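Take a look at the structure below.
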Amino acid sequence: MFSWYGEFVVLPNEIKQRNKIKLEPVCPRLDCIKSVGYYKGIEPFINKKGMFKFNLMRTDGIKTDEKRKADYYLQGEKSMNFSSIYPLSLNDKNIVYYGEPNDKPTIKSGKAKIDNPMLPYKNDGYLFIINPDYTKIELLVIENGRFLIRGYTKQLANGEFDNMLKQFRETSTTFYNY
């Protein structure tokens, strides 16, 4: 069911300094530290060093249908949008969110319009587990899960994937060695 799991965290300052990462960015930067599985859809978001990171961005100032507007989205390499993140429910210590790739043929990357590298993955769905202070995000990818993603999110919030999630956490390996 899940093709990929990744754990993203705000890195400690000493690791940021050692890797020449800006210490106090305008928006939180979350780096993938562990993963398990394979998902080709992350490749456009991996930088030249091999890091996979997101900036947690507010949607203030973005013009879109207010019914469909999330409070946050995850911006990846070259200012590309990975996914909006829509909250569903709160469990004991984390908020469960869902999202999906942009399905438009072209997107903005910085100020330029480019072909959307996520278009081949437009039917995939994402589940996010985010701690209340937004310093840790866990991402679960469900290929071809876009149209059922809200149901999967409810299952995640109800604990139906706890065993699988525990296994991913235990078997994930270092994504990038900082």
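Just so it is clear, none of the values below were taken in a lab; they were calculated from the coordinates. What you are looking at is a predicted structure, and each value in this text was computed from that prediction instead of being measured. Methodologically, a virtual Cβ is constructed for each residue, glycine included, from the backbone with ideal geometry; neighbour enumeration extends over all protein chains shown.
Pairs of C-alpha atoms in the chain farther apart than 27 Å represent 22 percent of all such pairs. Taking each residue as 0.36 nm, the span from Arg150 to Met164 lengthens on full extension beyond its C-alpha to C-alpha distance by 3.2 nm. Within segment 36-62, what residues put their amide N at less than 14 Å from the label point 7 Å along the Cα-to-Cβ vector of Lys22? Backbone N within reach: 54-58.
Working note: 222 nm ellipticity from helices only, DSSP H runs with n ≥ 4, each -39,500 (n - 2.57), summed and divided by the residues of the chain, gives -4000 deg cm²/dmol to the nearest 500. Listed peptides 3-16, 151-164 appear in the order 3-16, 151-164 once ranked by packing, highest mean of other Cβ atoms within 10 Å at the front.
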